[in-house]
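Reading through the structure tokens given below for one structure.
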């Protein structure tokens with residue numbers, strides 16, 4: 001009954017219809033615990049969210065198109081219930097005379113660390129193993145799996161608003177101003193503002209879903225049709241056991257729906273110290289990039305439509321000096337990183353893009369480049385101010 005019900009309505013955000021209570025409960029039972037949708041969803045949107053949640057937790061197998069090289073079998077392996085984890089992936093490249101080369105011919109810039117192992121065809125046997133950083137690489141970095149909660153609000157902000165925000169920061173203080181990373185929207189074929197990923201290298205949640213399916217799990221789809229060549233060796237794909245397109249677009253849509261309607265992480269208790277700590281946060285300049293409030297644009301989802309939200313980020317690129325990871329993606333240089341949103345920070349015990357920091361104090365001290373002045377003011381805080389600031393950050 002569940003499959004008949006799901007297929008009887010369009011699972012996109014504009015779906016409409018009435019579903020029976022029995023059918024609704026059957027689908028809701030598929031939602032993993034902890035995956036909380038935004039409020040006020042229509043019955044059809046609730047179905048879309050639950051179906052997307054099921055796909056988010058799906059464990060892909062070789063018969064589904066897993067691999068032939070990949071990082072994990074499921075989205076939920078790295079983003080449990082949509083939250084972040086301490087799991088990391090590795091990127092690499094080479095800088096030659098100041099020019100970054102992702103070493104695509106050697107499997108770059110993203111390492112797929114696992115393979116589907118030995119595959120035998122009429123042409124012989126091939127052992128698909130995980131990729132490794134090649135000796136030619138001069139740049140290598142880890143990237144932590146960040147949360148995808150609340151990103152529907154970010155996706156609902158119009159490109160014009162991001163450009164206006166970058167311009168406002170430039171006029172206020174050029175020394176700390178961020179800038180947009182303009183990328184190609186594969187769904188429209190047009191340039192669009194990047195908002196997702198550590199380098200703001202992905203413009204939409206739909207593209208984010210398709211990119212992750214291919215590059216993390218090995219599932220080809222209408223947005224990303226070509227398999228990853230293992231360690232750059234495209235001849236190995238002659239032994240790929242699932243050479244046809246693995247997803248016809250339904251899984252991409254499911255995942256985009258799930259992330260779109262996934263609620264932001266809830267705020268913790270707001271104590272007097274937390275209230276005072278936010279004032280310290282703003283006074284030393286952290287709020288310049290970690291902006292407390294943004295406003296979404298039009299959305300067919302009521303809870304995302306023209307509302308204020310509080311990610312504590314401007315989602316723009318900033319020159320972070322020594323904190324940059326050295327990888328170039330789109331217009332983002334090796335020194336630039338997207339401002340990481342701070343909502344959900346209280347659920348994190350490893351910090352920064354490389355997960356190499358285990359305390360908030362150390363994470364702030366690692367800030368550099370355009371954040372150096374704010375970092376220096378942080379170092380000069382009194383003991384009481386530090387206590388208040390940390391209380392605020394631990395309430396997010």
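Say we look at the range 140-158 and pick out the residues that are part of a helix (DSSP H, G or I) and either under 12 Å from the mean Cα position of the chain (by Cα) or free of Cβ contacts under 8 Å to residues at least 40 places away in the same chain (or both); which of these is farthest from residue 327 (Cα to Cα)? Among those residues, the one meeting the criterion is 152. For the range 160-174, which residues satisfy the criterion of being buried (at least 18 other Cβ atoms within 10 Å of the Cβ) and either within 10 Å of residue 297 (Cα to Cα) or touching a helix residue (DSSP H, G or I) at 6+ places or on another chain (Cβ under 8 Å) (or both)? If the condition is that a residue be buried (at least 18 other Cβ atoms within 10 Å of the Cβ) and either within 10 Å of residue 297 (Cα to Cα) or touching a helix residue (DSSP H, G or I) at 6+ places or on another chain (Cβ under 8 Å) (or both), then 169 is the only one that fits. Is it true that some residue in the range 367-379 is in contact (Cβ under 8 Å) with a residue 24 or more places away in the chain and under 21 Å from residue 267 (Cβ atoms)? No: zero hits. Consider the range 99-127 and keep the residues that are surrounded by fewer than 19 Cβ atoms within 10 Å (Cβ to Cβ) and assigned to a loop (DSSP other than H, G, I, E, B). The one that is modelled with the lowest pLDDT is 122. Among the residues of this structure, residue 256 does not count as one that is more than 27 Å from the chain's Cα centre (by Cα) and either over 30 Å from residue 345 (Cβ atoms) or surrounded by 14 or more Cβ atoms within 10 Å (Cβ to Cβ) (or both). Look at the range 287-306: where a residue is surrounded by fewer than 16 Cβ atoms within 10 Å (Cβ to Cβ) and a partner is in a strand (DSSP E or B) and modelled with pLDDT of 95 or more, sitting 6+ places away or on another chain with Cβ atoms under 8 Å, you get 293/308; 293/309; 295/308; 295/309; 306/295. Looking at (1) in contact with a strand residue (DSSP E or B) (Cβ under 7 Å, 6 or more places away or on another chain); (2) assigned to a strand (DSSP E or B), can you tell me which one residue 130 breaks? It fails just one condition, (2). Can you spot a residue in the range 179-187 that is within 29 Å of residue 134 (Cα to Cα) and touching a residue at least 60 places away in the same chain (Cβ under 8 Å)? Yes, that holds for at least one residue. Can you say whether residue 226 is under 23 Å from residue 123 (Cα atoms), out of contact with any strand residue (DSSP E or B) (no Cβ under 6 Å at 6 or more places or on another chain) and at pLDDT 95 or above, as far as the supplied structure shows? So residue 226 passes the test.
Looking at residue 80, is it buried (at least 17 other Cβ atoms within 10 Å of the Cβ) and either in contact with a strand residue (DSSP E or B) (Cβ under 8 Å, 6 or more places away or on another chain) or modelled with pLDDT of 95 or more (or both)? So residue 80 fails the test.
For residue 192, the conditions (1) crowded, with 17+ Cβ neighbours inside 10 Å; (2) in a loop (DSSP other than H, G, I, E, B); (3) touching a helix residue (DSSP H, G or I) at 6+ places or on another chain (Cβ under 7 Å) all hold with the exception of (2). Got a sec? Which of 186, 214, 223 is crowded, with 22+ Cβ neighbours inside 10 Å and within 20 Å of the chain's Cα centre (by Cα)? On inspection, the qualifying residue turns out to be 214. Checked against the criteria, residue 95 counts as surrounded by fewer than 19 Cβ atoms within 10 Å (Cβ to Cβ), in contact with a strand residue (DSSP E or B) (Cβ under 7 Å, 6 or more places away or on another chain) and at pLDDT 95 or above. Each residue in the range 16-70 was checked for being assigned to a loop (DSSP other than H, G, I, E, B), at pLDDT below 95 and farther than 25 Å from residue 210 by Cβ, and 7 of them qualify. Restricting attention to the range 332-349, report how many residues are buried (at least 21 other Cβ atoms within 10 Å of the Cβ) and within 21 Å of residue 139 (Cα to Cα). Here the count works out to 4.
Among the conditions (1) surrounded by fewer than 17 Cβ atoms within 10 Å (Cβ to Cβ); (2) under 23 Å from residue 256 (Cα atoms), the only one that residue 49 does not satisfy is (1).
Of all the residues in the range 268-293, those that are farther than 22 Å from residue 165 by Cβ and either under 20 Å from the mean Cα position of the chain (by Cα) or part of a helix (DSSP H, G or I) (or both) number 8.
The values are calculated or read from the model by the stated rules, or taken from the named source; none is laboratory data. If you're wondering where the values come from, they're calculated on a predicted model, not measured in any experiment. Every residue, glycine among them, receives a Cβ derived from its backbone with ideal geometry; neighbour counts consider all protein chains shown.
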